[in-house]
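Report on one structure; see the data block that follows.
The values are calculated or read from the model by the stated rules, or taken from the named source; none is laboratory data. Here the structure is a predicted model, which is why all the values come from computation and not from measurement. Here the Cβ positions follow ideal geometry from the backbone for every residue, glycine too, while neighbour counts run over all protein chains shown. Calculation scope for accessible area: heavy atoms of the full protein, side chains included, ligands and nucleic acids excluded. Shrake-Rupley method; radii C 1.70, N 1.55, O 1.52, S 1.80 Å.
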Amino acid sequence: MAFKLKKLVVATSVILSALMLQACNDKEATVSAPQQPAAVVKVEKADMKPLDISVIYLDRRMLPPGAVLNVTLEDVSLADAPSVTLSTESMDIAGSPPYPVTLNYDANKVKANHRYNVRATVKVDNTLIMTSTSAMDPFAADAKQPLEVKLDRVAPAKNAAPQAGQPTLAGPQWQLVTLSGQTVKPGAGGDSAFIQFDATAKSANGFSGCNNFHSAVESQTATALTLGQAASTRKMCMDGMELEQAFLATLPKFATYSINNNILSIKDSNANIIATFKIK
């Protein structure tokens, strides 16, 4: 009996020793397992810098109401790929230039071997009326701030398609109905003052109350319309002279137009209706 107990004790000791040895091996394996380094994501901090710009145009005509100026700093290094915008600003503008604009850009994105350009446009009702045409690199060695960007007028577009049932601006004789909200009377000989636009010649002709007149259409889009100073014959009339003076003085103030219910309405640069016409 004693021999059996001794044998059992020995067997138990062997088993316990084996279990302890296995536990140590497991611990060593766990401790010696290599640690994977954590992924490190390097985030470059933006280095924001201001770029001061002065937008000008030499045309003496005022911009029509609703004009929106957009100025963009672009990377134009790749000739066969679209430019990359680094910064852009849009603003409503009124009055005469210059128009100051500040573009904030990340200097870390400016590369020494790349080419850059500042571009400016002016749109009215999403129609382009002015744009810069010269390359302006703000990072060139001789560039100074504020960087001066000059706008040029876009060639006037042809008449846009009128709304269904509405006449076009060019073609009909438009009889003058009101000036500055006041109904006008017929001129000399009982004839009504009128204006007629020629899209091909880019001109406007008509009768102003005493004399015939002619004026150049300087610009026209779907909504914008500006005329040059009118030239007229020089005869004197007993009637219609006051009407003529007021009518001819109004022509250079044309800024925008609309045609609704066969009525042509003209607004000045302050969005005031200064004249209305109907088809003669």
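Computed quantities for the displayed model
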quantity: Carbon + sulfur, % of accessible area of the stretch 220-263 - ligands and nucleic acids excluded, 1.4 Å; calculated: 52
quantity: Estimated distance in nm for a label pair at R61 and A135, the labels positioned 7 Å out from Cα along Cα-to-Cβ; calculated: 3.1
quantity: Paramagnetic reach from S77 (point 7 Å along Cα→Cβ, amide N under 18 Å) across the stretch 95-133; calculated: 105-118
quantity: Per-residue HN-Hα couplings for the stretch 108-122 [Karplus 6.51, -1.76, 1.60; θ = phi - 60°; Hz; x = Gly/Pro]; calculated: 5, 8, 8, 9, 5, 9, 9, 10, 10, 8, 9, 10, 10, 9, 10
quantity: Solvent-accessible area per residue for the stretch 180-266 (1.4 angstrom probe, square angstrom); calculated: 51
quantity: Simple label model, 7 Å out from Cα along Cβ direction - L128 to H114, nm; calculated: 2.3
quantity: Difference of contour (0.36 nm per residue) and Cα-Cα distance, S54 to D142; calculated: 30.0 nm
quantity: Pairwise FRET efficiency - M91 versus D198, Cβ, R0 = 30 Å, nearest 0.05; calculated: 0.25
quantity: Cleavage-rule hits (GluC sites (Glu not before Pro)) in the stretch 209-255: DSSP loop, at most 13 neighbouring Cβ within 10 angstrom; calculated: none
quantity: Overall form of the stretch 140-280 per C-alpha gyration tensor (a/c, 1.5; a/b vs b/c); calculated: prolate
quantity: Interchain or long-range residues, amide H under 5 Å from L227's placed H; calculated: E218, F254
quantity: For the stretch 177-236: rounded, prolate or oblate by the Cα gyration tensor [a/c cutoff 1.5]; calculated: oblate
quantity: Inter-probe distance in nm under a simple model that places probes 7 Å from Cα toward Cβ, at A46 and D239; calculated: 7.0
